[in-house]
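Engineer: Pasting a structure below so you can have a look.
Coordinate-derived values only; no laboratory data. Here the structure is a predicted model, which means the values were calculated and not measured. Quick reminder, even Gly has a Cβ in these numbers, built from the backbone with ideal geometry, and neighbours come from all protein chains shown.
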Amino acid sequence: MTRLAAENIKLKRVYEPPAKSDGTRILVDRLWPRGLRKADAAVDQWIKDIAPSTELRKWFGHDPARWQEFRQRYADEIHEHPEQLDELRACARSGRITLVFGAHDEAHNNAVVLRDILLGRIGARSLRSPSS
């Protein structure tokens with residue numbers, strides 16, 4: 001499999017104005033961003049299933065002290081949805097995509113982890129049991 005070019009996968013808060021350079025804008029949050037009209041978001045796709053589970057999102061609570069564990073737990077969850085990963089990879093191969101998110105913290109959020117996974121920087125822990 002060919003590696004995706006880092007310049008083809010950008011990150012941006014959904015509250016920032018859209019730009020032509022964003023390419024395809026993909027919302028990667030489970031919940032619609034608070035106080036934002038759909039027309040203002042200029043989202044081309046909304047892939048809810050790639051977002052962290054409600055349980056994981058609540059556990060993390062955007063606490064930087066939980067960041068490393070959140071990254072690994074979320075990577076494990078994402079790899080349970082290979083069809084959404086494949087969809088994102090296909091979009092990124094055909095041109096620039098921007099993963100848009102609602103979090104205030106631009107360094108510690110699910111879009112950062114998702115981009116790292118798409119670029120092959122994070123893998124999932126073995127999903128098989130130790131006896132297999």
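Engineer: Under a plain spin-label model, where a point goes 7 Å from the Cα along Cα-to-Cβ, how far apart in nm are residue 79 and residue 16?
Structural biologist: Simple spin-label model gives 3.0 nm for this pair.
Engineer: In segment 1-53, which trypsin sites (Lys or Arg not before Pro) fall in coil by DSSP and have 11 or fewer other Cβ atoms within 10 Å?
Structural biologist: Sparse-neighbourhood loop trypsin sites (Lys or Arg not before Pro): 3, 34, 37.
Engineer: Under a plain spin-label model, where a point goes 7 Å from the Cα along Cα-to-Cβ, how far apart in nm are residue 72 and residue 116?
Structural biologist: It works out to 1.2 nm between the two label points.
Engineer: Mind checking the dipole of segment 6-118: about its Cα centre, +1 per Lys or Arg Cβ, -1 per Asp or Glu Cβ, Debye to the nearest 20?
Structural biologist: Computed charge dipole of segment 6-118: roughly 400 debye.
Engineer: I need the calculated FRET efficiency for the pair residue 42 and residue 93, taking r as the beta carbon distance and R₀ as 22 Å, to the nearest 0.05.
Structural biologist: 0.50
Engineer: In addition: Over the chain, calculate the relative contact order: mean separation of alpha carbon pairs under 8 Å at least 6 apart, over the residue count, as a percent.
Structural biologist: It rounds to 39 percent for the chain.
Engineer: How large is the helix-only mean residue ellipticity at 222 nm for the chain, computed as the sum of -39500 (n - 2.57) over DSSP H runs with n ≥ 4, divided by its residue count, in deg cm²/dmol to the nearest 500?
Structural biologist: -9500 deg cm²/dmol
Engineer: Based on the mean of other Cβ atoms within 10 Å per residue, sort peptides 95-103, 74-82 so the most packed one is first.
Structural biologist: 95-103, 74-82
Engineer: Sort 43, 14 so that the residue with the fewest other Cβ atoms within 10 Å of its own Cβ comes first and the one with the most comes last.
Structural biologist: By the 10 Å Cβ count, ascending, the order reads 43, 14.
Engineer: Distance in nm between label sites at residue 53 and residue 6, each 7 Å beyond Cα in the beta-carbon direction?
Structural biologist: 3.2 nm
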